[in-house]
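Accompanying notes for the structure given below.
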Ligand SMILES: Nc1nc2c(ncn2[C@@H]2O[C@H](COP(=O)(O)OP(=O)(O)O)[C@@H](O)[C@H]2O)c(=O)[nH]1
Ligand SMILES: [Mg+2]
C-alpha cells in the first residue's frame with residue numbers, strides 16, 4: 001500500500017514534468033535542474049555563470065528553497081529575471097511547483113533557464129521537473145565518499161561540478177577519487193572542477209553551456 005502511494009506521487013510528477021518539457025521545447029529554452037547539498041555553491045555558481053553569459057544568452061532562474069527569498073535577491077542583483085518558490089517544508093522541488101513558477105516567468109524570452117533545487121543530496125534526484133540536464137555540485141569539503149553514499153544523485157545527473165577546489169589544501173578530500181567513484185556510478189557523467197570563489201575552471205563549464213544552448217538554435 002505504501003509503495004503504491006509513492007508510485008502515484010512519482011507518476012503524477014512525471015506527467016506534469018512532461019508537460020513542462022513540452023513547453024520548454026516549444027519555447028526553445030534549455031533547462032538545467034541544479035542540485036546539491038545545502039551550501040555546496042549552487043547560487044554562487046549561478047551568479048558567476050550569469051555574469052559570464054548574460055550579454056549573449058537570455059538567462060532566467062527559478063529559485064527553490066524551503067523558505068526565504070534570499071537566493072532570489074542574490075540572483076536579482078545580476079539583473080536577470082528570477083522567481084522564488086518556497087516549498088514550505090518540502091525537501092525538493094516537484095514539477096507542479098515549477099509549472100506554477102512558470103506563470104511568473106516569460107519563458108518565450110529565455111534561451112536558458114536554471115532551476116536551483118532545494119539543498120539536499122537525496123530526494124531532488126527522484127523528481128523530474130522537465131529539465132534537459134540534471135546538474136549537481138559536490139564541494140570538496142563534503143568528502144570524496146559521497147558518490148558511494150548518495151549514488152542516485154550521481155546516477156541521474158548529466159553533469160558534476162566539483163566545487164571549492166580552492167579549499168583542497170585544507171581538507172582531506174581527493175578529487176581524483178570523487179571522479180573515479182562518480183564515474184563508476186555513471187560513466188557518462190561530464191565533470192568539471194571549479195572554484196566559484198577564484199573562478200578557476202569556470203571557463204570550461206561556461207563554454208560547455210554555451211555550446212549546448214547554441215546546438216538548439
Ligand atoms: N572557498 C569557497 N567558498 C565557496 C565556493 N563556492 C561557494 N562558496 C561559499 O559557500 C557558501 C555557500 O554558497 P552558496 O552558493 O550559497 O551555496 P548553495 O546553498 O548551494 O546555494 C557561501 O558562503 C559561498 O561564498 C568556492 O568555490 N570556494
Ligand atoms: Mg542557494
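The values are calculated or read from the model by the stated rules, or taken from the named source; none is laboratory data. All values derive from a computational prediction rather than experimental measurement. Cβ sites come from the backbone with ideal geometry, for glycine too, and all protein chains shown count toward neighbours.
Using the structure shown, decide if residue 38 is more than 10 Å from ligand 2 (Cβ to nearest atom) and farther than 17 Å from residue 159 by Cβ.
Details: more than 10 Å from ligand 2 (Cβ to nearest atom): no; farther than 17 Å from residue 159 by Cβ: yes.
Judged against the criteria, residue 38 is not a match.
Does residue 69 count as farther than 26 Å from residue 213 by Cα and modelled with pLDDT of 95 or more?
On the way: farther than 26 Å from residue 213 by Cα: yes; modelled with pLDDT of 95 or more: yes.
Spelling it out, residue 69 is indeed farther than 26 Å from residue 213 by Cα and modelled with pLDDT of 95 or more.
A count restricted to segment 74-90 and to residues that are exposed (fewer than 13 other Cβ atoms within 10 Å of the Cβ) and either within 14 Å of ligand 1 (Cβ to nearest atom) or within 22 Å of residue 126 (Cβ to Cβ) (or both) stands at 3.
Just wondering, is there one or more residues in segment 91-103 that are within 15 Å of ligand 2 (Cβ to nearest atom), more than 22 Å from residue 190 (Cα to Cα) and surrounded by fewer than 23 Cβ atoms within 10 Å (Cβ to Cβ)?
If we filter segment 91-103 for residues that are within 15 Å of ligand 2 (Cβ to nearest atom), which is where we start, we get 91-93.
Pick out the ones that are also more than 22 Å from residue 190 (Cα to Cα) and you get 91-93.
Then keep just the ones that are surrounded by fewer than 23 Cβ atoms within 10 Å (Cβ to Cβ); that gives 91-92.
Checked segment 91-103: at least one residue is within 15 Å of ligand 2 (Cβ to nearest atom), more than 22 Å from residue 190 (Cα to Cα) and surrounded by fewer than 23 Cβ atoms within 10 Å (Cβ to Cβ).
Confirm whether residue 111 is surrounded by 15 or more Cβ atoms within 10 Å (Cβ to Cβ) and more than 16 Å from ligand 1 (Cβ to nearest atom). Here the answer is yes, as residue 111 does meet what is asked.
At least 3 residues being within 13 Å of the chain's Cα centre (by Cα) is the threshold, and among the strands (runs of 3 or more DSSP E) wholly inside segment 15-119 those reaching it are 30-36, 59-65, 112-116. Among all positions in segment 15-31, there is at least one residue which is crowded, with 18+ Cβ neighbours inside 10 Å, more than 29 Å from residue 78 (Cα to Cα) and either touching a residue at least 60 places away in the same chain (Cβ under 8 Å) or away from ligand 1 (no atom under 16 Å from the Cβ) (or both). Kindly indicate whether residue 31 is on the phi < 0 side of the Ramachandran plot, more than 12 Å from ligand 2 (Cβ to nearest atom), modelled with pLDDT of 95 or more and touching a strand residue (DSSP E or B) at 6+ places or on another chain (Cβ under 9 Å). When the stated conditions are applied, residue 31 passes them. From the set of residues in segment 194-211 that are in contact with a helix residue (DSSP H, G or I) (Cβ under 9 Å, 6 or more places away or on another chain) and in a helix (DSSP H, G or I), which is surrounded by the fewest Cβ atoms within 10 Å (Cβ to Cβ)? Once the filter is applied, the top-ranked residue is 203. With respect to the conditions (1) in a strand (DSSP E or B); (2) more than 16 Å from ligand 2 (Cβ to nearest atom), residue 12 lacks only one, and its number is (1).
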